[in-house]
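Working notes, beginning with the structure itself.
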2 protein chains.
Amino acid sequence: MTTICYIAHPDISDSSSQQFLIQSGKWQQSCDYVDLANKQNWLDAEQEGQRLSQYDQIIFQFPLYWYQAPALLKQWLDVVWEELPVECLKGKSLGLVIVVGAKASHYQAGGRVGRTLSELLSSYEVLAKHFGMAFRPIFAIYQFQYLSEVEKQRLMWEYLFYLSGGDASHFRQYQRYLIEQAKLNVPKGVTMSEVERMQWEQMVTQLELSADELEELMDLVNEVS
Amino acid sequence: MTTICYIAHPDISDSSSQQFLIQSGKWQQSCDYVDLANKQNWLDAEQEGQRLSQYDQIIFQFPLYWYQAPALLKQWLDVVWEELPVECLKGKSLGLVIVVGAKASHYQAGGRVGRTLSELLSSYEVLAKHFGMAFRPIFAIYQFQYLSEVEKQRLMWEYLFYLSGGDASHFRQYQRYLIEQAKLNVPKGVTMSEVERMQWEQMVTQLELSADELEELMDLVNEVS
């Protein structure tokens, strides 16, 4: 799954959350970023169509300003997507990565905002439909500024899983993904002795066995019920 | 009820629907228009706050591009409203006048678009809530280009009623409004003889009596049921 992620933020260098996401995204080798604030990154509709055709998945990544994307994203859509051939996106996925300043609980009926992100951003769902794309569940990050280091690390993996086309709320898929990553990546910046490396590999194997057992158990439960 | 109507359209002179609405709006003496495409009409937040404080009602009027407002409106919101004191709009009304190219039936669950205008534009409802404003039902105009002259005339009066704070789906209110307008305005561009004027006035009086009777009847029905 190859991904292109368009960031709509007036100044990425000034945003700790965007910096964090871009740094995280670098682990995902098949993900490219485009900063829409830099107009030099804008292509005409034909060139953009060609660029987009190389990816399986398109992500719009932005902070929520006045319960919408920053004007930048819409400017780009109005100018470039207006001219895009409707077939060039067919079968691809469209995802949204949204950075929200307020609490998640505000975004529900009866909450302070009173509308869900799905409602507020439903125009992108319809945009995807218009182009024959699959619209993915929104990846929302609430109150990034209050996240602990541990929470940020969790966020990083969930974000990487999202970029790769996964959904961390699917527990089993996400578990498999993490085990796969643990196999591929020894923790960065850590020098390991031969013994430590063996222990690491044993731990990963153990996790994999547990995951297999869990799956067998769930299959069994499904059969019985 | 005084109204200020901000139009977000890249080129009003090129839009027959916007021209029609502005011409219609001239009948409503207490409505002022601001063309946002002309950046000279943009004020800084303080001046805009002062301008807005003079009106009871704010309207955003725009065509639907990609199921949202044109980027122009969001640019203005991001720059000007971002700095607006939250108290300066309290108690006012926010209305939306939306020109939609497609059929109304597309904008519903199961329709081609699959989302309602209320959903697609819910961020404005939340914006109104944020500023302590009353959000009004959306005034939507579908497929303006296919309207007959008679339909356009109906649209004109419904639009004027909306600008004055009314809702044409409230039949009795709307009826009273039309009678009031008929009293005030003799049809334009028509020279009437004394006899014709008397006939016109008699007709209006007759309509008013019918409206009174209808109201009495409805009150009676309400008492009985």
Check your understanding: Antiparallel DSSP bridges in the protein assembly as shown: what percent, to the nearest 5?
Key -> 5
Exercise for review: Would you calculate a helix-derived [θ] at 222 nm for chain A, using -39,500 (n - 2.57) for each DSSP H run of n ≥ 4 and dividing by the full residue count, to the nearest 500?
Suggested key: -14000 deg cm²/dmol
Review point. Just the C-alpha atoms of chain B: what Rg/Rh do they give, with Rh taken as the Kirkwood radius?
Key: 1.01
Study note, to complete from the structure: Links exceeding 32 Å between C-alpha atoms in this model, out of A:K74/A:K103; A:K92/A:K152; A:K103/B:K103; A:K39/B:K129, come to A:K103/B:K103; A:K39/B:K129
Practice item. Apply 1/(1 + (r/R0)^6) to the Cβ-Cβ distance of A:M1 and B:Y146, taking R0 = 56 Å, and write down the FRET efficiency to the nearest 0.05. Key: 0.80
Study note, to complete from the structure: Bounding extents of the stretch B:119-225 in its principal axis frame from Cα atoms, largest first in Å, are 55, 45, 27
Point to revise | Solvent-free Debye scattering, log10 I(q)/I(0), computed from the Cα coordinates of the stretch B:122-174 at q = 0.24, 0.26 Å⁻¹ | key: -0.96, -1.02
Review point. Just how far, in whole angstrom, is the stretch A:156-225 from the stretch B:101-176 if you go by their alpha carbon centroids?
Key: 51
Check your understanding: Which trypsin sites (Lys or Arg not before Pro) does the stretch B:1-84 hold that lie in a coil by DSSP with at most 11 other beta carbons within 10 Å?
Key -> B:K26
Review point. Ignoring ligands, DNA and RNA, what percent of the 1.4 Å accessible area of the stretch A:82-156 is carbon and sulfur?
Key: 50
**Study point:** Charge sum, other residues only, whose C-beta stays under 14 Å from B:L64's C-beta, Lys/Arg counted +1 and Asp/Glu -1
**Key:** +2
Revision key, fill the gap. For the stretch B:15-174, the per residue accessible area (1.4 Å probe, Å²) is 45
Point to revise | Fraction of accessible area attributable to carbon and sulfur, the stretch A:1-73 (%, probe 1.4 Å) | key: 43
Point to revise | Label-to-label distance, nm, for residues given as A:T205 and B:M218 (7 Å Cα→Cβ offset) | key: 8.1
Review point. Cα extents of the protein assembly as shown along the three principal axes, largest first, in whole Å?
Key: 109, 57, 44
Revision key, fill the gap. Largest-first semi-axes in Å of the equivalent ellipsoid built from the Cα gyration tensor of the stretch A:73-174 are 27, 19, 13
**Study point:** From the C-alpha gyration tensor of the stretch A:6-108, square roots of 5λ in Å
**Key:** 23, 16, 14
Revision key, fill the gap. For A:K26, the aspartates and glutamates lying under 18 Å Cα to Cα, once residues fewer than eight places off in the same chain are dropped, come out as A:D35, A:D56, A:E158, A:E180
Review point. For B:G165, what charge total do you get from the other residues with a beta carbon under 9 Å from its beta carbon, if Lys and Arg give +1 and Asp and Glu give -1?
Key: -1
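The values are calculated or read from the model by the stated rules, or taken from the named source; none is laboratory data. These figures come from a predicted structure and were not determined experimentally. Positions of Cβ are backbone-derived with ideal geometry, glycine not excepted, and every protein chain shown enters the neighbour counts. Side chains included, ligands, DNA and RNA excluded: accessible areas come from the protein's heavy atoms. Shrake-Rupley method; radii C 1.70, N 1.55, O 1.52, S 1.80 Å.
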